[in-house]
1. Criterion first (under 17 Å from TYR89 (Cα atoms) and surrounded by 17 or more Cβ atoms within 10 Å (Cβ to Cβ)) does GLY14 satisfy it?
2. Name the residues in region 15-63 that are within 19 Å of TRP74 (Cβ to Cβ), of a type in the set (D, E, K, R), in a strand (DSSP E or B) and under 16 Å from the mean Cα position of the chain (by Cα), would you?
3. How many of the residues making up region 64-78 are in contact with a strand residue (DSSP E or B) (Cβ under 6 Å, 6 or more places away or on another chain) and assigned to a loop (DSSP other than H, G, I, E, B)?
4. Are there any pairs with C-beta distances below 7 angstrom linking a residue in region 83-103 that is in contact (Cβ under 8 Å) with a residue 40 or more places away in the chain to a residue that is small (Gly, Ala, Ser), with the two at least 6 apart or on different chains, and if so which?
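No value in this document is a laboratory result; all are computed from the given coordinates. All figures in this text were calculated on a predicted structure; none of them were measured in a lab. Glycine gets a Cβ as well: all are built from the backbone with ideal geometry, and neighbour counts include every protein chain shown.
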Amino acid sequence: MNRAEKTFRIWFAGFFDGEGSIGIYMTNRRNGTVQFEPKFSVYQKDEAFIRDLQTHLGGVLHRSGGNNPQHRGWGLVWSWRRAVKIAHYLQPYLRRKREQCDVFLHAMREFAKYRHTAKGFSRGRRLPDDVVAARKTLANSVNIFNAVPGSKKKGPKPKTTPSEADRALNVAGDEVGTCDGHTPDADLSAKR
């Protein structure tokens with residue numbers, strides 16, 4: 001990694017610590033299934049700034065804030081594999097969000113362990129209840145960091161620790177680098 005790239009990563013980690021968001025979002029569908037979507041995201045009012053970030057790091061750009069001009073802006077979102085790559089890219093330099101990033105990466109390693117079970121899920125098939133329960137536990141362990149101290153919106157409380165989720169799935173805690181086997185730095189450098 002050259003000096004300019006390292007400087008950018010350090011700067012972006014600092015920016016993300018203050019302005020970024022990490023979460024695994026759950027949506028209950030009408031057919032009784034639960035959809036999980038892991039995301040890293042940043043939102044800003046300055047469209048040019050967000051587009052510059054997208055040029056450097058990829059991601060999906062979208063308009064945010066609805067009709068309220070005070071909240072209208074632009075969002076840049078990385079989901080699933082791309083979120084894992086961004087997590088690996090930022091993790092060494094994060095300060096405030098490092099623990100949440102570590103928990104996110106653990107959760108994604110666990111999601112990857114039973115990915116074969118979830119392949120039919122996108123076609124509306126139901127995941128086994130134990131897999132859904134384990135994924136909810138993992139999602140809650142990531143999302144609890146998004147709770148706002150002192151507010152009524154405390155966020156979900158994890159019912160179990162990630163190690164208990166391991167036991168629920170009867171899986172060993174082996175390490176996996178990324179969900180798709182690519183190194184994050186190579187993939188992000190190739191994006192430019």
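1. no
2. Once the filter is applied, which keeps residues that are within 19 Å of TRP74 (Cβ to Cβ), of a type in the set (D, E, K, R), in a strand (DSSP E or B) and under 16 Å from the mean Cα position of the chain (by Cα), region 15-63 yields only LYS39.
3. Within region 64-78, residues that are in contact with a strand residue (DSSP E or B) (Cβ under 6 Å, 6 or more places away or on another chain) and assigned to a loop (DSSP other than H, G, I, E, B) number 1.
4. Close Cβ pairs satisfying both conditions: LEU90/ALA13; TYR93/ALA13; LEU94/ALA13; LYS97/GLY20; CYS101/ALA87; VAL103/SER141.
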